[in-house]
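K.L.:
Before anything else, here's the structure in question.
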Amino acid sequence: MSSTAFSTPPAIGRRAAPAWLAMAVVLTGTFVVTLDFFIVNVAIPATQADLRASDGAMQLVIAAYGVALAAGLILGGRLGDLCGRRRMFAIGLALFTASSALCGAAPNADVLIAARVVQGLAAALMSPQALSIVGLAYEGEARTRAFAVYGLVMGLAAASGQLIGGLLIELDLLGLGWRSCYLVNVPIGIAALAITPYAIGESRAESGARLDLAGAVLATAALLAVVLPLVLGREHGWPLWAWLSLAAAPVLLAAFAFSQRRLAARGGDPLVPPLLFRERAFTVGLLATILFYTGMGSFFLVLALHLQHGRGLDALGSGLVFTPLAVGYLAASIAAQRLHRLGRQLLALGAVVRGVALVGLLATVAAVGAGGELALLLPALVVDGIGMGLLTAPLIATVLADLSPRHAGAASGVLSTAQQVGNALGIAVVGALFYGALGAAPAPDDVARAFELALIVVAALSLLVALLVQALPGVTARADAAAAPAPAHA
């Protein structure tokens, strides 16, 4: 561990906990936060039938979590800097556990939606702290390996979410049905919360810093203006409010950027320090992150729709098809730890591998249609998982490589926000293309053709990532920058 990043955990007469225990706790939080994006989709049909809820209410069950999370991430990261990262992680974990219990016990859709909002806000407190704690606890190659494990856990949660949800509903433990998809978080959260004070040392920015409340309001408003219409606009037929919100977003983002530069010029503590964007690796890495997650989030959506609506699989069967993708992801994530010296070309390799896999999947679907053997899809899914595994953790490490303890939470919050904005953008744009290609009463072959269109877009996004990462500094440039004296303002 870096002695400058952490103080010893407050346990009199105890030795500091090993670094792996802190990793285990924060990765547990990362896993359940990511899992809750994907596991809920599987539970929607049973939830709607049990609660006798409308289609609109079910859309809000899904959207409330993502919108609240995206809107709160930057503020959550800054609160960790100012109030203590372990403290904010623990508060977020406690709220996430309690809101998961409320989701599982919800008597109606209104309570479930409200609980999902709290879940999203709690996740926004946890997620930036997890990235900051991992980034500050390790240095050099140990940090690269730690980010690789972080990316591995996050990717496996996304790839296995549908399978885990399908298994829980199929097993119907204690007759809980869809409620088990939420309640499974409760024992996990309680165990992680009990260990947190002993496993994680406290860290924060220098004393005297203050929270930028005006910046927090502008950032939240700008993110809501972007994410809310992207998440809900398509389902509501792109009403006027959605377009007005998207039109207002650039104005709010510009106002936020101006406020941050002005506060930094006065010597204050902006929510997102402008100096972060002076680093080419940070800025280009953020853009690549948005593009990557635009393709990944939308791919998971359209693949699930193709399997369930086009091929007639149930939730468990569809989840099982995701398993080869998870296997490829796991293998590539492990290999990426040994290939990190390739620098930006490792990211390009992952993006190209993804693009090739998606083109192969497109050719297979086009050749066999909706009635072909599912086994024919599996090789392309394995290769796609390999591409994702080569990208995810190295991309995180690239954005946060030159992380300073002072701005750890802010940088982590911005990165996490970029991931969520990418997910929302992909689901909105690629989802609109997918549904737009379907007829009024789509047959399985119509679903297959819509899936093919979506695959073309996602493959193009992967190739754009491969091109964009060429603008990143090379390995030699990064090493020279790391060896140079730190500028006075850092």
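K.L.:
Within the range 263-274, how many residues are part of a helix (DSSP H, G or I) and surrounded by 15 or more Cβ atoms within 10 Å (Cβ to Cβ)?
P.N.:
2
K.L.:
Just a yes or no: is a residue in the range 51-62 hydrophobic (A, V, I, L, M, F, W, C) and within 18 Å of Phe96 (Cβ to Cβ)?
P.N.:
Yes, the conditions are met somewhere in the range 51-62.
K.L.:
Would you mind finding the one in Asp110, Asp36, Asp55, Asp50 that is over 21 Å from Leu395 (Cβ atoms), acidic (Asp, Glu) and buried (at least 22 other Cβ atoms within 10 Å of the Cβ)?
P.N.:
After ruling out the rest, the residue left standing is Asp36.
K.L.:
Please count how many residues of the range 159-181 are of a type in the set (A, V, I, L, M) and modelled with pLDDT under 80.
P.N.:
Of the residues in the range 159-181, 1 are of a type in the set (A, V, I, L, M) and modelled with pLDDT under 80.
K.L.:
Please identify the pairs in which a residue from the range 263-278 that is under 14 Å from Leu415 (Cα atoms) and in contact (Cβ under 8 Å) with a residue 40 or more places away in the chain has its Cβ atom under 8 Å from the Cβ atom of a residue that is of a type in the set (Asp, Glu) and outside any helix (DSSP H, G or I), counting only partners at least 6 apart or on another chain.
P.N.:
Sorted first by the residue in the range 263-278, then by its partner, the pairs are Leu271/Asp212.
K.L.:
To continue, here is another question. Can you confirm whether Leu307 is touching a Leu at 6+ places or on another chain (Cβ under 6 Å), over 21 Å from Ala410 (Cα atoms) and in a helix (DSSP H, G or I)?
P.N.:
So Leu307 passes the test.
K.L.:
Which of the residues belonging to the range 347-371 are surrounded by fewer than 23 Cβ atoms within 10 Å (Cβ to Cβ) and closer than 18 Å to Ala460 by Cα? Give the steps one after another, and end with the answer.
P.N.:
Of the range 347-371, the ones surrounded by fewer than 23 Cβ atoms within 10 Å (Cβ to Cβ) are 348-349, 352, 355-356, 359-360, 362-371.
Residues satisfying the conditions are Ala348, Leu349, Val352, Gly355, Val356, Val359, Gly360, Leu362, Ala363, Thr364, Val365, Ala366.
K.L.:
Go through the range 301-329 and report how many residues are of a type in the set (A, V, I, L, M, F, W, C) and touching a Gly at 6+ places or on another chain (Cβ under 7 Å).
P.N.:
Result for the range 301-329: 6.
K.L.:
Quick check on the range 168-179. Is at least one of its residues in contact (Cβ under 8 Å) with a residue 40 or more places away in the chain and closer than 27 Å to Ala418 by Cβ?
P.N.:
There is no residue in the range 168-179 that is in contact (Cβ under 8 Å) with a residue 40 or more places away in the chain and closer than 27 Å to Ala418 by Cβ.
Condition check ((1) outside any helix (DSSP H, G or I); (2) surrounded by fewer than 17 Cβ atoms within 10 Å (Cβ to Cβ); (3) among the charged types (D, E, K, R); (4) assigned by TED's automatic domain parsing to the domain that holds Gly72) across all residues:
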residue	(1), (2), (3), (4)
Val227	no, no, no, no
Glu235	no, no, yes, no
Ala242	no, no, no, no
Ala247	no, yes, no, no
Val251	no, yes, no, no
Arg261	no, yes, yes, no
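K.L.:
If a residue must be part of a helix (DSSP H, G or I) and surrounded by 20 or more Cβ atoms within 10 Å (Cβ to Cβ), how many such residues does the range 212-225 contain?
P.N.:
Residues in the range 212-225 being part of a helix (DSSP H, G or I) and surrounded by 20 or more Cβ atoms within 10 Å (Cβ to Cβ): 6 in total.
K.L.:
I would also like to ask the following. Could you run through the range 10-53 and say how many residues are modelled with pLDDT under 80 and either of a type in the set (Gly, Ala, Ser) or assigned to a loop (DSSP other than H, G, I, E, B) (or both)?
P.N.:
10
The values are calculated or read from the model by the stated rules, or taken from the named source; none is laboratory data. In this text the structure is predicted, and so the values were computed from the model without any measurement. Please note: Cβ atoms are built from the backbone with ideal geometry, for glycine as well, and neighbour counts cover all protein chains shown.
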